[in-house]
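A short write-up of the structure that comes next.
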Amino acid sequence: MERTRGADLVRCAWGESAPEYVVYHDEEWGTPLHGDDALFERLCLEAFQSGLSWITILRKRPAFRASFAGFAIDAVAAFTEDDEARLMADAGIVRNRAKIRAAIANARAAQQVPGGLDALLWSFAPAGPRPRPATLADVPATSPESVAMAKELKRRGFAFVGPTTAYALMQATGMVDDHVADCFRAAPA
């Protein structure tokens with residue numbers, strides 16, 4: 001069955017596959033998110049998710065937040081080689097050297113964005129209504145906007161931000177609304 005019903009609510013099917021997903025789906029995914037540090041966190045977490053299940057990242061998110069100074073851009077940008085070594089030894093997070101280095105480099109790149117990371121990322125949000133996906137099979141992995149976002153982020157020195165990661169960020173932060181048509185979270189057309 002494509003969509004599931006729980007607690008008298010119809011959700012996107014993935015939204016009931018684990019207790020953490022229920023909360024994430026119902027309260028966070030697809031909700032417009034603003035703020036440079038908040039969006040930096042989501043950008044980092046989406047990059048850490050690359051090649052892994054999102055549930056792994058959700059379960060490790062408290063440890064990520066503690067280890068990465070709450071994802072405060074200025075704090076992460078000041079991380080040193082000692083911090084990198086500390087993170088590589090931290091079993092509470094995903095210990096991938098390339099991804100850790102990318103998070104630190106991305107914080108430094110974010111510091112250089114005129115107008116802030118929020119304004120840059122949201123400038124790629126599609127304007128106007130989009131067709132609502134009827135099923136999960138109708139949800140794309142990328143979009144022209146996510147391709148453009150990834151290209152611009154890479155141009156500015158960001159790493160681990162390909163079109164698929166950029167699109168996942170757009171979905172998670174409400175830049176696009178990909179809740180399936182009969183999900184209780186689907187915004188009216």
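The values are calculated or read from the model by the stated rules, or taken from the named source; none is laboratory data. Bear in mind that the values here come from a model prediction, so they are computed numbers and not experimental data. Glycine also receives a Cβ, built like all others from the backbone with ideal geometry; neighbour counts cover every protein chain displayed. Accessible surface areas use protein heavy atoms only, side chains included; no ligands, DNA or RNA. Shrake-Rupley method; radii C 1.70, N 1.55, O 1.52, S 1.80 Å.
FRET efficiency for A137 and A78, Cβ-Cβ distance as r, R0 = 30 Å, nearest 0.05? Efficiency at R0 = 30 Å is approximately 0.10. Most tightly packed first, judged by the mean number of other beta-carbon atoms within 10 Å of their residues, the peptides 117-127, 166-176 read 166-176, 117-127.
For the chain, the relative contact order comes to 30 percent (Cα pairs under 8 Å, sequence separation of at least 6).
Rolling a 1.4 Å probe over the heavy atoms of the protein chains gives the range 58-157 an accessible area of 52 Å² per residue. Which residues among the range 167-189 fall inside the zone where the amide N is under 20 Å from a point 7 Å beyond the Cα of L9, along Cα→Cβ? Counting backbone N atoms under 20 Å from the label point, the list is 171-189.
Volume per residue for the range 1-102 equals 102 cubic angstrom (convex hull of Cα atoms).
Calculated mean residue ellipticity at 222 nm for the chain: -14500 deg cm²/dmol, from DSSP H runs with n ≥ 4 weighted as -39500 (n - 2.57), summed, divided by the residue count and rounded to 500. Solvent-accessible area assigned to carbon and sulfur over the range 66-124 amounts to 51 percent, based on a 1.4 Å probe.
For V10, the residues whose modelled amide H falls within less than 5 Å of its own, excluding neighbours fewer than 5 places apart on the same chain, are F184.
Sorting the segments 36-47, 72-83 by their mean number of nearby beta carbons within 10 angstrom, highest to lowest, gives 36-47, 72-83. Just so you know, the Rg over Rh for the chain is 0.97, from Cα atoms, with Rh as the Kirkwood radius. Take every Cα-Cα pair in the range 84-170 and report what % of them are more than 15 Å apart. The proportion of pairs with Cα distances above 15 Å equals 65 percent.
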